[in-house]
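Comments concern the structure below.
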Amino acid sequence: MKQNAARIVVANWKMYLSYNEAKDRIEKNADTLQELSDFVNCKTVICPSAESLAVIHSALQKTNLLLGAQTCSSFTSGAYTGQISARSLAEIGCSYCIIAHSEERARTHENDQLLQNKIEQAIANNLIPIFCIGETKEQFNAGSVHDILEHQLRPVLAALQKIEAGKTIYIAYEPVWAIGTGKIPQADYIQTVFERLDAFFVSLSAQYAIGFLYGGSVDEGNAGKFWKIALLRGLLIGKASTDFQTLKKIVLSSVE
Ligand code: PGA
């Protein structure tokens, strides 16, 4: 798989910031946004919680930063209380959509069909899906990581059967035990996972742009080591990404 395309840092703000806090943070960091814009070899995507998408979108105007959503509905439109359609996300200015984050998987227990529908909804509305996979500590200890990951990828395979060639999809490998814990896997372990994913997608990689991200306890101190992983396209960052100075250091580490 070719890895010469721009790198990407995705800031998953989860529900860390309220609407006012998100607005305040983006407004106070206008200079940093411009600096992040200048890193042409590394795209930055900000994924605030849904209510802040519009205000963050307007703050990102005149920058090269992009907007992403943390999830989307698996449905097109209709009587789905509490859901946000991929179409609305696109209309509000999103270009990316995180799908199947482990925190959402644990809460909603969505089945493969719903996850497949989300990918299809995202693509149909020109959102680039960032599809998350990752094993628990028990699964890691049991040595069943690759089986688990391949199982979790079934909705991606099914969706790609229906999606026109040329589309981009990111696969974010986020071990559940690494998210928010300060524990990170060894770089060679992540490389092995990516090699298996690369082999898994081999028959599709000529038709689609499939990039691999790592996520889980990335911070300014450890980000540099991930960029050395040959098949890594980018990073998905939670807590550390809510601080713009930290985010800038992480993006900077991608070009050092
Ligand atoms: P973390 O979260 O960086 O806070 O560990 C990553 C994620 O859940 O995407």
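Remarks
- Y96 surrounded by 15 or more Cβ atoms within 10 Å (Cβ to Cβ) and at pLDDT 95 or above: yes
- Residue match in the stretch 167-177 (condition: within 16 Å of the ligand (Cβ to nearest atom), under 15 Å from the mean Cα position of the chain (by Cα) and assigned to a helix (DSSP H, G or I)): yes
- Filter result (surrounded by fewer than 17 Cβ atoms within 10 Å (Cβ to Cβ) and at positive phi) within the stretch 178-220: G180, G182
- Members of the stretch 74-115 that are of a type in the set (A, V, I, L, M, F, W, C), away from the ligand (no atom under 16 Å from the Cβ) and under 30 Å from A59 (Cα atoms): F75, I84, A86, L89, A90, I92, C94
- Hits in the stretch 134-166 - residues which are in contact (Cβ under 8 Å) with a residue 24 or more places away in the chain and either in a loop (DSSP other than H, G, I, E, B) or touching a His at 6+ places or on another chain (Cβ under 9 Å) (or both): G134, E135, T136, L153, I163, A165, G166
- Where L67 falls short, out of the listed (1) out of contact with any His (no Cβ under 6 Å at 6 or more places or on another chain); (2) surrounded by 14 or more Cβ atoms within 10 Å (Cβ to Cβ): (1)
- Number of residues in the stretch 145-162 that are over 19 Å from the mean Cα position of the chain (by Cα) and either surrounded by 19 or more Cβ atoms within 10 Å (Cβ to Cβ) or of a type in the set (K, R) (or both): the value is 2.
- Entirely in the stretch 39-123, the helices (runs of 4 or more DSSP H) that have 1 or more residues that are of a type in the set (D, E, K, R) and closer than 21 Å to L235 by Cα: 102-108
- Residue within the stretch 230-240 that is near the ligand (Cβ under 10 Å from one of its atoms), surrounded by 17 or more Cβ atoms within 10 Å (Cβ to Cβ), free of Cβ contacts under 8 Å to residues at least 40 places away in the same chain and within 23 Å of C97 (Cα to Cα) present: yes
The values are calculated or read from the model by the stated rules, or taken from the named source; none is laboratory data. Every value quoted in this text rests on a predicted model; they were computed, and no experiment measured them. Virtual Cβ from ideal backbone geometry, glycine too; neighbours counted across all protein chains shown.
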